[in-house]
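A.B. asks: Starting off with a structure, shown below.
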Amino acid sequence: MIGAREYPSAPIVGVGAVVIDGDRVLLVRRDREPLRGQWSVPGGAVELGETLEQAIVREVGEETGLTVVPVAVLKALDKIDRDATGRVRYHYVLIDFSCRILGNPEALVAASDISEARWVPVAGLRQSAEFALPEWTMAVIEDGYRHARENFDRETTS
């Protein structure tokens with residue numbers, strides 16, 4: 001287990017998975033802070049001795065029961081949240097991957113650290129009040145959707 005997530009002594013490296021199935025993206029509702037109750041892409045913290053790719057496969061499996069293959073890095077960014085005094089409450093360095101699903105996408109289950117998991121149509125997601133995704137999450141989903149359309153579809157026709 002990694003050190004304290006809240007008020008950490010150093011940034012925590014995390015990974016996120018943009019998993020596309022046809023015209024749908026995999027979203028999870030967080031059951032722990034930070035982001036408790038909010039929707040996001042599956043993912044979590046990298047454990048000591050684990051590669052980024054191993055972490056994303058493990059996190060998606062733990063949270064959703066699905067098996068994925070990370071295909072490409074979509075974005076790397078800092079997510080820093082400060083408390084009212086300006087002290088850093090959370091600091092994550094996040095690396096988001098485009099991932100291809102292996103197996104049956106309908107085998108989806110809500111498991112560790114999440115309260116709900118769903119396949120959601122990408123069309124209209126930006127305007128959805130139900131999911132209320134932050135701009136940076138929406139942008140990486142759109143990048144992942146484009147990446148999947150350009151690469152995964154080509155793989156099945158080759």
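The values are calculated or read from the model by the stated rules, or taken from the named source; none is laboratory data. Only a predicted model underlies this, so the values are computations on that prediction, with no experimental measurement involved. With ideal geometry, Cβ positions are generated from the backbone for all residues, glycine too; neighbour counts draw on all protein chains shown.
Results for (1) closer than 19 Å to Gly44 by Cα; (2) at pLDDT below 95, shown as yes or no for each residue.
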site	(1), (2)
Leu74	yes, no
Asp83	no, no
Glu116	yes, no
Gln127	no, yes
Ile141	yes, no
Arg149	no, yes
Thr157	no, yes
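A.B. asks: Something else now. For residues in region 26-58 being among the hydrophobic types (A, V, I, L, M, F, W, C) and under 15 Å from Pro134 (Cα atoms), which is nearest to the chain's Cα centre (by Cα)?
C.D. replies: Filtering first and then ranking leaves Val41.
A.B. asks: Kindly indicate whether Trp136 is in contact (Cβ under 8 Å) with a residue 40 or more places away in the chain, surrounded by 12 or more Cβ atoms within 10 Å (Cβ to Cβ), aromatic (Phe, Trp, Tyr) and closer than 25 Å to Glu6 by Cα.
C.D. replies: Spelling it out, Trp136 is indeed in contact (Cβ under 8 Å) with a residue 40 or more places away in the chain, surrounded by 12 or more Cβ atoms within 10 Å (Cβ to Cβ), aromatic (Phe, Trp, Tyr) and closer than 25 Å to Glu6 by Cα.
A.B. asks: Let me ask something else. Pairs under 6 Å by beta carbon, first residue under 24 Å from Arg126 (Cβ atoms) and free of Cβ contacts under 8 Å to residues at least 12 places away in the same chain in region 37-66, partner surrounded by fewer than 24 Cβ atoms within 10 Å (Cβ to Cβ) and basic (Lys, Arg), six or more apart or different chains?
C.D. replies: Sorted first by the residue in region 37-66, then by its partner, the list stays empty.
A.B. asks: Let me ask something else. Can you tell me which residues in region 13-36 are exposed (fewer than 15 other Cβ atoms within 10 Å of the Cβ) and either in contact (Cβ under 8 Å) with a residue 12 or more places away in the chain or among the basic types (Lys, Arg) (or both)?
C.D. replies: Hits for region 13-36 are Asp23, Arg32, Glu33, Pro34, Arg36.
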